[in-house]
Amino acid sequence: VKNSSALSEFILLGLSSDPYIQAILFVLLLLIYLLTLMGNFLMLLVITADSNLHTPMYFFLRQLSFLDLCHSSVTAPKMLENMLSESKTIFVESCFAQAFFVFATGGTEACLLAAMAYDRYVAISSPLLYGQVMSNQLCVGLMWFSWGLAFVDALINILLAVNLDFCEEQTIPHFSCELSSLFPLSCSDTSANFTLLLCSSVFHFFGTLVMIVSSYVRIVSTILKVSSTTGRSKAFSTCSSHLTTVILFYSSGFISYLLPTSGSSLEMIFSLQYSVITPMLNPLIYSLKNKEVKAAMARIFRKYFN
């Protein structure tokens, strides 16, 4: 038995052991990561530079883009490095740090999506009071609450995990370090860790999901009271991007965090979607489906390139 201080590194098995498949995956995932960086940096630039987008909705969208940059950058660089390396190792301290930031950024995004759902509810149900209700003070408060709650929760889970003793088996059947992947390697009793992780995951995923569903029930109820078809269509279109993001985040996140870790191909695919693919898709969803973002991009392009 080795404790976490004596054990120096873990081995990440990654997505495949076949060198040919690894080479293909490396090129594909590098391209996805670069698109993630460019897409989210572009969203940050457009929202910051265009004064027409300085509204509560785009305040939260800017936070989402920053979160997606952070979330993908926690796992993607090490995953790409290991695809080119024969050892595929990660230091124990780095592994715990990665697990912490994966949990923290994921939890923050769940809270942020709930805040964005409330923002859409206020915008549709009380448009005349929207600016007054969704004040800058409230938006900043919701942002800091989301970050603070998720980071405290992640810190509690990690502090309990670093006291575990680990066996000679150092291989993690995954491409990144997550708490659910580390617990099976421990020789200690992990029942308290599993219970804490389950409670945290249920709180972040189901707690925020209940708030999102509640907001959308009220949104649908309000929209159905609108007499004109055009008004209904416009109201639904303002929610479509956020709803798409919610479905992508919660469907893959649920399988990644709440189902038992097995190292199966299906589990890897959903983890990959949660940590790498969804952050790439979010800026595309919000730019392609949003006329205001496309108009802002056009204005910035004309200003700097004409």
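The values are calculated or read from the model by the stated rules, or taken from the named source; none is laboratory data. Keep in mind it's a predicted model, so treat the numbers as computed, not measured. With ideal geometry, Cβ positions are generated from the backbone for all residues, glycine too; neighbour counts draw on all protein chains shown. All accessible areas refer to the heavy atoms of the entire protein, side chains included, with ligands and DNA or RNA removed. Shrake-Rupley method; radii C 1.70, N 1.55, O 1.52, S 1.80 Å.
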With axes computed from alpha carbons, what is the tilt in degrees of helix 191-201 against the longest principal axis of the chain, rounded to the nearest 10 within 0 to 90?
-> 20
For Ile156, Ile223, give the ranking by accessible area with the largest first, probe 1.4 Å.
-> Ile156, Ile223
For the chain, dividing by residue count, accessible area per residue (probe 1.4 Å) in Å² works out to 48
Let me know the Kirkwood hydrodynamic radius for the range 2-114, please, with Cα pairs as the basis and the value in Å to one decimal.
-> 16.2
When you take every Cα atom in the range 107-227, what is the radius of gyration, and what is Dmax, the widest Cα pair distance, in Å?
-> 19.7, 67
Can you list the residues, at least 5 places off or on another chain, whose amide H is less than 5 Å from the amide H of Glu9, using H built in the peptide plane?
-> Val92
Given a Förster distance of 45 angstrom, what is the FRET efficiency for Leu128 paired with Glu86, based on the Cβ-Cβ distance and rounded to 0.05?
-> 0.10
Determine the gain in length on full extension of the stretch Tyr20-Ile156; use 0.36 nm per residue of separation and subtract their C-alpha separation, reporting nm with one decimal.
-> 44.9 nm
How large, in percent, is the carbon and sulfur part of the accessible surface of the range 4-95 at a probe radius of 1.4 Å?
-> 69
If you build a Gaussian network model of the chain, linking Cα atoms that sit under 10 Å apart, which residue out of Ser233, Ser186, Ser287 swings the most?
-> Ser233
Rounded to the nearest 500, what is the chain's calculated 222 nm mean residue ellipticity when only DSSP H runs of at least 4 contribute -39500 (n - 2.57) each, over all residues?
-> -24500 deg cm²/dmol
Can you check what the Kirkwood hydrodynamic radius comes to for the range 102-147, Cα pairs only, in Å to one decimal?
-> 11.1
Expressed to two decimals, the chain has a Cα Rg over Rh, using the Kirkwood radius, of 1.01
Distance histogram for the range 22-64 (every C-alpha pair counted, 10 angstrom bins, percent rounded to whole numbers) = 27, 36, 21, 13, 2
